[in-house]
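For reference, the structure is listed below as structure tokens.
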Amino acid sequence: MKHLAMPVFAALLALPSPGRAFVEVTEISARPSAFSPNGDGVNDSTYLSFTTSSDAKSVRIYVDVVTGADTVAVLAHGEDHPTGPVGFTWDGTETGGAPAPEGIYDFVIVAADEYYTTPPLAVSVRLDITPPRFSTHIHPSPYTPDLPLADSLLTVDLAVTDAQGGDLLTVAIGAGDPPETLCIYSLAPADSTYSCSWDGRDHADGEYDLHVRSSDPAGNSMEASYVVDLDVSPPEISIESPAESFLDYIPTDYWVTAADRNGVDSLKVRFYAGTGYMTPDGYPRDECCYAWPESLRIEDEFLLECVALDGVGHWGSTFRSVLVDTTPPERPVISPLPAKVGAPDVGIEGTGTALDSVRVYVNGGIQRHAKIKSDGTWSTVITLDLGPNTIFAVSSDLAGNVSAPSETTQVEYTEETGIYVPEEFTADSVIEINVAREPRRIVVRVFSLEGSYVAGLTEDHPGLFNELEWDLTDADGRQVKNGVYVFVIEVAYADGSTDMDKKAVVVSR
């Protein structure tokens, strides 16, 4: 609080009458003490408050806004106010409504009653509509912390002007949510330089938003955002063609692409073909492809190497082994098989070129695949159809070349005649009846051990090979009990003859 001489007031100091208290002005404050009447809604005005006391019920108030010896505005000139709290708002305009220039201003306060006038009291405020300004230099860019000789830290240099005491400067980067604060500076009241750094070595490749903000107590601020390109990844290289590692043709071209956010400075391709590396001419034959070197238009195994350099110095490489093989493999050999078999599943084996694959055909369709072992042998199991079967095999190599078919083998699958019933009969059991001549009807009757009829099965149009099933229910559809039962099986043939057989079984659920 200041006590000032009073050239701006006409009133003279007067002594109070005996027994009366002096007029007093206390609790003087101006909030905010720094304000910015720029219309942004933040600290656009300041509020002067104080408290008066007197034996009188009211006092006259004088409030001037002063800078140096000049009065720029009058907030009160002798108005009566009840004693107690008093407040005035100043919006930063001069008398007449013109905006007051930036600077330090004093609110000069005088209170008076009919007996006494206080000495002038003052409190200062700052009118400030200019934020602290900054310019930014971010280096290196792009930021490549993992390269040799590159800076391991990102550096943000800032030159600040128009700063006052109490101003702040904040730098943050969007490496997380919320952004990571790199530094906060309390600015010196003079033009100065500041610096922040960021270690991006543990962060993912990509672009990050860098935010810089300056602010002052008056509510002025300046903000700016920048993009930091953190590049820690080499170019991505793709061999589009040849797409496979094993080829059954000699390529005419190859197609390699490389991509990187900071551009690809160079893409080099070379081959290793037995005698050493060779680099092709590298000129594109058309918009997409490069010509396969003439000297490599042969059957051989090649190593295709692609190396790319991006715009900041990262190297990326990829390799593909390419086997060019256009020669069909030798046809496989099937070891001799019996002319007839009594079961459908038959083991089959043979020989061929090591590491080739064998496809086994049964009756014209592919049924099994087998890999030829390193010793040149192969084996698998095939399933035959009832009757004659035709079998042959074909080999294919890694490149996909296919051999000529092997020699064809004939095998007949026939089942032995007779009646076969499992001794332990369950719901999944089958009664197998195979005959040598044409049957007309098959009848199976089930009796208990005591001779009582239980159930019957009939097949009116049987073949030479037949399978009948019993669901373990009696003639009335009830489940039979576990125990011993007798099957009476009768086969009537087309020539009028009949065969009959009996089988004892144990039903077990």
message: Could you list, ordered by first residue, the pairs with Cβ atoms under 9 Å in which the first is in the stretch 293-306 and of a type in the set (Phe, Trp, Tyr) and the second is modelled with pLDDT under 90 and assigned to a helix (DSSP H, G or I), at least 6 apart or interchain?
response: Phe302/Leu296
task: State the number of residues belonging to the stretch 171-220 that are in contact with a His (Cβ under 9 Å, 6 or more places away or on another chain) and under 30 Å from Glu102 (Cα atoms).
output: 1
- request: Restricting attention to the stretch 324-367, report how many residues are of a type in the set (A, V, I, L, M, F, W, C), within 24 Å of Gly400 (Cβ to Cβ) and assigned to a loop (DSSP other than H, G, I, E, B).
  value: 2
task: Just one of (1) surrounded by 16 or more Cβ atoms within 10 Å (Cβ to Cβ); (2) under 31 Å from the mean Cα position of the chain (by Cα); (3) aliphatic (A, V, I, L, M) trips up Leu187, so point out which.
output: (2)
- line: Listed by first then second residue, the pairs whose first member lies in the stretch 155-177 and is more than 11 Å from Pro131 (Cβ to Cβ), whose partner is in a loop (DSSP other than H, G, I, E, B), with beta carbons under 7 Å and at least 6 positions apart or on separate chains, are Gly165/Pro189; Gly166/Asp216; Gly166/Pro217; Ala172/Pro179; Ile173/Pro179; Ala175/His203
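For every residue, the table says whether it meets (1) surrounded by 14 or more Cβ atoms within 10 Å (Cβ to Cβ); (2) modelled with pLDDT of 95 or more; (3) touching a Lys or Arg at 6+ places or on another chain (Cβ under 8 Å).
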site	(1), (2), (3)
Val110	yes, yes, no
Asp113	yes, no, yes
Val123	yes, yes, yes
Ser141	yes, no, no
Thr144	yes, no, no
Leu149	no, no, no
message: All but one of (1) over 52 Å from the mean Cα position of the chain (by Cα); (2) of a type in the set (Phe, Trp, Tyr); (3) buried (at least 19 other Cβ atoms within 10 Å of the Cβ) hold for Trp378; state the number of the condition that does not hold.
response: (1)
task: Can you give me the number of residues within the stretch 328-377 that are free of Cβ contacts under 8 Å to residues at least 60 places away in the same chain and closer than 11 Å to Asp397 by Cα?
output: 9
task: Quick one: in the stretch 80-134, of everything that is among the hydroxyl-bearing types (Ser, Thr, Tyr) and assigned to a loop (DSSP other than H, G, I, E, B), which residue is farthest from Met222 (Cα to Cα)?
output: Tyr115
message: Quick test for you: out of Ala172, Ala163, pick the one residue that is under 23 Å from Ser221 (Cβ atoms), surrounded by 14 or more Cβ atoms within 10 Å (Cβ to Cβ), modelled with pLDDT of 90 or more and under 30 Å from the mean Cα position of the chain (by Cα).
response: Ala172
task: Please find, within the stretch 410-419, the residue that is modelled with the highest pLDDT out of those that are outside any loop (DSSP other than H, G, I, E, B) and surrounded by fewer than 18 Cβ atoms within 10 Å (Cβ to Cβ).
output: Gln410
message: Whether any residue in the stretch 21-44 is loosely packed, with under 14 Cβ neighbours inside 10 Å, over 19 Å from Tyr105 (Cα atoms) and modelled with pLDDT of 95 or more is what I want to check.
response: yes
statement: Within the stretch 313-337, the residues that are farther than 24 Å from Lys373 by Cβ, of a type in the set (A, V, I, L, M, F, W, C) and out of contact with any Phe, Trp or Tyr (no Cβ under 9 Å at 6 or more places or on another chain) are Trp315, Phe319
query: Quick one: which strands (runs of 3 or more DSSP E) sit completely within the stretch 420-509 and have at least 3 residues that are under 28 Å from Leu386 (Cβ atoms) and over 60 Å from the mean Cα position of the chain (by Cα)?
result: 431-434, 439-448, 453-459, 483-493, 498-507
- request: From the list Ser335, Ser295, pick out the single residue that is surrounded by fewer than 16 Cβ atoms within 10 Å (Cβ to Cβ) and either in the same structural domain as Val381 (by TED's automatic domain parsing) or farther than 19 Å from Leu247 by Cα (or both).
  value: Ser335
- request: Provide a single number: the residues in the stretch 368-403 that are assigned to a loop (DSSP other than H, G, I, E, B) and closer than 29 Å to Thr326 by Cβ.
  value: 11
Residue count, the stretch 35-56 (criterion: touching a strand residue (DSSP E or B) at 6+ places or on another chain (Cβ under 6 Å) and either β-branched (Val, Ile, Thr) or not assigned by TED's automatic domain parsing to the domain that holds Ala112 (or both)): 3
- prompt: In the stretch 5-12, is there at least one residue being surrounded by 15 or more Cβ atoms within 10 Å (Cβ to Cβ) and modelled with pLDDT of 95 or more?
  reply: no
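The values are calculated or read from the model by the stated rules, or taken from the named source; none is laboratory data. Being a predicted model, the structure only gives us computed values, none of them experimental. Every residue, glycine as well, gets a Cβ built from its backbone with ideal geometry; the counts of neighbours run over all protein chains shown.
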